[in-house]
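The values are calculated or read from the model by the stated rules, or taken from the named source; none is laboratory data. The model shown is predicted, which means the values in this text are computed figures rather than measured ones. Heads up, the Cβs are rebuilt from the backbone with ideal geometry, glycines too, and the neighbour counts pull from every protein chain shown.
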Amino acid sequence: MEKKNLIQIMTEKAVAVGTIVHEISSVSDALQYAVDLNKEKNLKTLACPGLDSEDQDRLLDLCNSANLDLLEEPLRNQASSIDTSLTWVNYGIADTGTLMLASDSEEIRIATMLAKIHIAMLPVSKIRLDTGSIEAALNDILKKDSASYTAFITGPSRTADIERVLAIGVHGPVELHLLLIKDMQP
Amino acid sequence: MIKTAQDMKSYKKKIRQALGDSFLRSALDEFNTAYRENRPNVYKDIDFNSLRDIIAENKDSLIPFLEVLFEEFRLNAQKAGAIVHRAKDARQANEIIARIAKENKVKKIIKSKSMTAEETFLNDYLEKQGFIVTETDLGEWIIQLKHEGPSHMVMPAIHLSRYQVGELFEKQTDLKVDAQNIDKLVKVARRELRPRFLEADMGITGANFAIADSGTLGMVTNEGNMRLTTTLPRVHVALVGFDKLVSDLGSALRILKLLPRNATGQAITSYVTWIKGANQSLNTPFGKKEMHVVFLDNGRLSLSKDPLFCTSLRCIRCGACANVCPIYSKVGGHRYGHVYIGAIGLILTLFFHGKDNDRAIVRNCINCQACKEVCPVSIDLPHLIKKTYARVIKEEGKTPVKNFLLAKVMKNRKLFHFILRSAYLAQQPLSKGRPLIRHLPAFLEKDHGFRSLPTIAKIPLRDLWQTLSPKLENPSLRIALFAGCAMDFIYPDHGKDLLKLLKKANIQVDFPLDQTCCGLPAMMAAEEKTAKELAVKNIQAFEAESYDYILTLCASCASHLTHNYEKIFREAKEPAMDLKLFTDKIIDFSSFMDRVYKFPQTDQNMNKQVTYHAPCHLCRGLHVTDEPRALIQKAGYTYVPSKDEDVCCGFGGSYSVDFPEISSEILKKKLDNVEASGADILVTDCPGCVMQLSGGLDKRQSHIKVLHLVELLANKK
């Protein structure tokens, strides 16, 4: 019951800040979603840092048959040509519709910052109610002696710097898609 | 380069220019209203007041230990590969950052928004050293192109229209820009700035939090430029004020609940980023970034030891104190701060940028308390502004004429009252027997003619008292009246109305004749010694133990007596005899009539529509809001709300004389809203507001009558 509520809250709050949310049933569906979205928007390239090699291979097959370019790492040299990025995120924070993404890897940072569209995959089991409920997990990261770069992402990039009029996609992604994957276990 | 007026004459000139800027005026007026109207929605799931008190308390517990927190931060950040510096002032901070740039053979620098870097004028310094610096926050980029400082701490280019931005972009790109379309303007920035990110050698950011127990920086942003600034270049330098140190993640997350809500009305910003140490960077030989954190003192550590001003270090730079300020909404940030804007700017300017830059702006506070009400860390901003002004006067080493006169006159009640009585005679040629002076002599009319002025009564209330107030046998309550100067000398009729009401309820009212001005005008002029002497005199004049209540019909007096007397003696470290006995008995008119008098609901329908103006010192000073509106309805009138009822009327005592050009603009908006309500009568419960509002409506020759609530209630039957 509580899980259902969390999904509902997460969806409602994420949609309210402009995130496009879908519930899907598997990673395969997510890969297909990414490819279809790129085709629909007439985009050319995809990046998928952090996906395991099996999923990368499947995505490569899908890209090949759809005539899309799956970018190889390092992405830094192709920074100007990333249309869409597909990544996992670590947690969902329901009451603000926020995604938590451990982005220590430069590939993940570049992919999620420079892409026009960021598609985030999140197992529904990783949705928490509020920042208080991920505080311990975040602190575990921060308390390590190693460097870390952790992002809370809530909707697409936005600004209201000109006449206080909201405009989307000033420097970061113009669209943020959240795919809630139902059957994933933690 | 920022040029803030350093004397009143040039300050006034700048104010007049701003008041003539029609885009600025409408943009900021709309913003002020929209921000306040949106707040209940933003805070519907959060208890703002209790959370801000918790945050303030937490900050206060850390402020004495900023150096300890710094050491803890340094150790933890260094373990993760960051290099941590401390700079004692702006110059040293800039030098450290330039040195880092040189050592790393940096040519091009990109920046994300940082008020701390604005504070040190970092860009100017780096550009002089030959670096190419590009601001990447949209607003900051715009003002960089315009060679201006920010006019708001969160929205730095709020003073510019899309067309002005379009012009700047056309000049920059040599391309035609569709300025009508803001989305397209934003895309110009995306297109133009993207290559700059990719080319830059070094990125400079600020930070919202420096978390000591992990050595992590927290950054709260919306555009995504900060993420690029901290990722693409091989060197990252964060410039952070010592005041951004918090002990742990929990403290930062708590502030994060209020910061975006208070700043931009968002539950959270698009991006909140936690960066610790030297992260991966694939364009460096070792695969890691060069990461530096520069902590700026620039007066913060000595502020942290100041018993009064240490609370200014609680500030989290949300900008809300400007958003709700009626003066900011008229003159804009370039006239309402130096680098830091809004109420907090009037304070911090003295400590970070010196008295010359604060001298004029610090005087421009009307004490309406709107900023204090929305401050997410409960800083008593209006009070600190006056204390800052007192410091400026002290540092200048010469007493302003106004303070000299205030001290001379106010400390001597008989002299003060003699002057007021003489004014009755002096004004006769101008008033021509009317209760209002509509036209002033020509040399005053231009600046001060925006409202008719009330006349001094022929016989003040204190002289009428003996004949008016008979002793009652077995009264139900014993009340002492604190008349306040306005009721005593301008509106004695309000006193007659009060007596009429109270006699009906068998309430004995006394008028202690040694009472004098409450002292608020002295405090507003930072004439602290006089304010204290007046407080002592009043406490002595009222034998508080003999009365059930000390009633005043002036909201400003009520709020001053209730809150400021306590502050005056606490700050002077002089315990005042009977202070608490005195202040505990103070009650404002609306509260008294509603809660104590229990004014009855009438069956009569008065067939008049009444709107209300909430005096600043009643609705915010004493948090009395429901009572006056309930009383209007109990008296048989139809209450019709008008827009922005709780926004200042622009009076502010001598503020309206010192800054008539701003006072008149605030009044204009107020009266436009009052007229739009369709009311026949405008009621308020402060004689100062009555003066301002009736003067303004008289000048407009409006049919709307202005009444003090006591007049409405007394004349009901």
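The set of residues from region B:182-199 being touching a helix residue (DSSP H, G or I) at 6+ places or on another chain (Cβ under 8 Å) and either touching a residue at least 12 places away in the same chain (Cβ under 8 Å) or more than 10 Å from chain A (Cβ to nearest Cβ) (or both) comprises B:Ile182, B:Leu185, B:Val186, B:Val188, B:Ala189, B:Glu192, B:Leu193, B:Phe197, B:Leu198. Could you list all residues from region B:337-363 that are of a type outside the set (A, V, I, L, M), surrounded by 23 or more Cβ atoms within 10 Å (Cβ to Cβ) and not in a helix (DSSP H, G or I)? B:Gly337, B:His338, B:Tyr340, B:Gly342, listed by residue number. Restricting the search to strands (runs of 3 or more DSSP E) fully inside region B:156-230 and requiring at least 2 residues that are at pLDDT 95 or above and out of contact with any Leu (no Cβ under 8 Å at 6 or more places or on another chain) gives B:216-221.
Taking region B:241-323 as the region of interest, the helices (runs of 4 or more DSSP H) fully inside it that hold 2 or more residues being of a type in the set (S, T, N, Q) are B:249-264.
Of the residues A:Ser148, A:Ser103, which is within 7 Å of chain B (Cβ to nearest Cβ) and at negative phi?
When all the criteria are applied, what remains is A:Ser148.
Suppose we keep only residues that are more than 7 Å from chain A (Cβ to nearest Cβ) and either basic (Lys, Arg) or assigned to a loop (DSSP other than H, G, I, E, B) (or both) within region B:231-240. Which one would you say is farthest from A:Gly172 (Cα to Cα)? Ranking the qualifying residues of region B:231-240, first place goes to B:Arg234. Candidates are the residues of region B:73-85 that are surrounded by 18 or more Cβ atoms within 10 Å (Cβ to Cβ) and at negative phi; the one that is nearest to the other protein chains (Cβ to nearest Cβ) is B:Ala80.
A quick yes/no check of all residues on (1) over 16 Å from B:Ser694 (Cβ atoms); (2) within 36 Å of the chain's Cα centre (by Cα); (3) among the β-branched types (Val, Ile, Thr):
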{"residue": "B:Ser431", "(1), (2), (3)": "no, yes, no"}
{"residue": "B:Leu436", "(1), (2), (3)": "no, yes, no"}
{"residue": "B:Phe443", "(1), (2), (3)": "yes, yes, no"}
{"residue": "B:His448", "(1), (2), (3)": "no, yes, no"}
{"residue": "B:Arg451", "(1), (2), (3)": "no, yes, no"}
{"residue": "B:Thr455", "(1), (2), (3)": "no, yes, yes"}
{"residue": "B:Leu461", "(1), (2), (3)": "yes, yes, no"}
{"residue": "B:Leu464", "(1), (2), (3)": "yes, no, no"}
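For B:Glu373, the conditions (1) within 12 Å of the chain's Cα centre (by Cα); (2) assigned to a loop (DSSP other than H, G, I, E, B); (3) among the acidic types (Asp, Glu) all hold with the exception of (2). The number of residues in region A:73-100 that are more than 13 Å from chain B (Cβ to nearest Cβ) and at pLDDT below 95 comes to 0. Let me confirm something: among B:Pro441, B:Pro492, which residue is surrounded by 15 or more Cβ atoms within 10 Å (Cβ to Cβ) and within 30 Å of B:Val657 (Cα to Cα)? Only one candidate qualifies: B:Pro492. Restricting the search to helices (runs of 4 or more DSSP H) fully inside region B:378-436 and requiring at least 3 residues that are in contact (Cβ under 8 Å) with a residue 60 or more places away in the chain, buried (at least 18 other Cβ atoms within 10 Å of the Cβ) and in the same structural domain as B:Ile341 (by TED's automatic domain parsing) gives B:381-396. Of the strands (runs of 3 or more DSSP E) that lie entirely inside region B:50-146, those containing 3 or more residues that are closer than 30 Å to B:Arg190 by Cα span B:108-111, B:132-135.
Considering only residues in region A:151-184 that are more than 7 Å from chain B (Cβ to nearest Cβ) and over 29 Å from B:Gln180 (Cβ atoms), the one that is farthest from the chain's Cα centre (by Cα) turns out to be A:Asp183.
When the residues of region B:484-536 are filtered to those that are acidic (Asp, Glu) and within 24 Å of the chain's Cα centre (by Cα), which remaining residue is nearest to B:Ile568 (Cα to Cα)? Write out each step before concluding.
At the first step, the residues of region B:484-536 found to be acidic (Asp, Glu) are B:488, B:493, B:497, B:510, B:514, B:527-528, B:533.
From what is left, the residues that are within 24 Å of the chain's Cα centre (by Cα) are B:527-528.
On the way: B:Glu527: 12, B:Glu528: 8 Å.
It comes out as B:Glu528.
Residues checked against (1) outside the structural domain of B:Leu384 (by TED's automatic domain parsing); (2) under 30 Å from B:Asp380 (Cβ atoms); (3) at pLDDT 95 or above:
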{"site": "B:Lys504", "(1), (2), (3)": "yes, no, no"}
{"site": "B:Gln515", "(1), (2), (3)": "yes, yes, yes"}
{"site": "B:Leu520", "(1), (2), (3)": "yes, yes, yes"}
{"site": "B:Thr530", "(1), (2), (3)": "yes, yes, yes"}
{"site": "B:Leu553", "(1), (2), (3)": "yes, yes, yes"}
{"site": "B:Asp588", "(1), (2), (3)": "yes, yes, yes"}
{"site": "B:Tyr597", "(1), (2), (3)": "yes, no, yes"}
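Against the test of being more than 10 Å from chain A (Cβ to nearest Cβ) and surrounded by fewer than 20 Cβ atoms within 10 Å (Cβ to Cβ), the options B:Leu259, B:Leu301 yield a single qualifying residue, B:Leu301. Any residue that is β-branched (Val, Ile, Thr) and at pLDDT below 95 - is there at least one of those in region B:274-292? Yes, region B:274-292 contains at least one residue that is β-branched (Val, Ile, Thr) and at pLDDT below 95.
When residues in region B:60-88 are screened for being under 23 Å from B:Ser312 (Cβ atoms) and touching a strand residue (DSSP E or B) at 6+ places or on another chain (Cβ under 8 Å), 7 of them pass.
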